[in-house]
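Let me begin by presenting the structure, written as structure tokens, before commenting on it.
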Amino acid sequence: MTFHALAIDDDPAILDDVKDRLECLGHTCDGATCLNCARKLLASNTYSYILLDLQIPVCYGRKSRIPNGQNLLRDIRAMKGYADIPIIVMTTHGHDSPDLAVEVFRHDGASDFVKKPFDNFDQAIREA
């Protein structure tokens with residue numbers, strides 16, 4: 001079985017890194033650089049799991065904000081067919097305090113939380 005992921009991050013270099021890591025695991029991946037791009041891909045594709053940076057813009061080139069990613073996470077959970085798929089949040093935030101991680105697990109529906117620069121990335125993917 002081939003796993004197909006959606007990776008959402010406003011940094012194209014991060015998306016390239018994620019795609020390389022997933023391809024090494026034998027997975028395929030679509031990438032989105034903003035909330036609107038991710039919504040379009042979600043509407044037209046099916047994914048095995050999602051990797052989501054919380055700090056993303058609504059449209060590419062605009063200011064990135066954490067609430068945009070949190071809103072997208074909640075929207076994905078509400079979409080038909082996405083209530084139970086793994087959503088792994090990947091972010092640089094939360095290094096100093098677990099508050100953000102607790103919030104995205106309890107209130108927003110995240111399955112796992114990976115801190116950039118991806119110390120436990122491969123393990124989180126395998127567990128998902």
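The values are calculated or read from the model by the stated rules, or taken from the named source; none is laboratory data. Not measured: the values here are computed from a predicted model. Note that each Cβ is placed from the backbone with ideal geometry, even for glycine, and that neighbours are counted across all protein chains shown. Accessible surface areas use protein heavy atoms only, side chains included; no ligands, DNA or RNA. Shrake-Rupley method; radii C 1.70, N 1.55, O 1.52, S 1.80 Å.
Scanning region 48-67 for residues that are open to solvent by 10 Å² or more (accessible area, probe 1.4 Å) and part of a loop (DSSP other than H, G, I, E, B) yields Ser48, Gln55, Val58, Cys59, Tyr60, Gly61, Arg62, Lys63, Ser64. Within region 36-47, if we keep just the residues that are open to solvent by 60 Å² or more (accessible area, probe 1.4 Å) and of a type outside the set (A, V, I, L, M, F, W, C), the residue that is nearest to the chain's Cα centre (by Cα) turns out to be Arg39. For region 4-35, a residue qualifies if it is free of Cβ contacts under 8 Å to residues at least 60 places away in the same chain and surrounded by fewer than 16 Cβ atoms within 10 Å (Cβ to Cβ), and the qualifying residues are His4, Asp11, Pro12, Ala13, Asp16, Asp20, Glu23, Cys24, Gly26, Thr28. Kindly establish whether Ile85 is within 18 Å of Leu22 (Cβ to Cβ), surrounded by 15 or more Cβ atoms within 10 Å (Cβ to Cβ), among the aliphatic types (A, V, I, L, M) and modelled with pLDDT of 90 or more. Considered against the rule, which asks whether it is within 18 Å of Leu22 (Cβ to Cβ), surrounded by 15 or more Cβ atoms within 10 Å (Cβ to Cβ), among the aliphatic types (A, V, I, L, M) and modelled with pLDDT of 90 or more, Ile85 comes out as yes.
Residues in region 69-82 that are closer than 15 Å to Thr33 by Cα and at pLDDT 90 or above: Leu72 alone.
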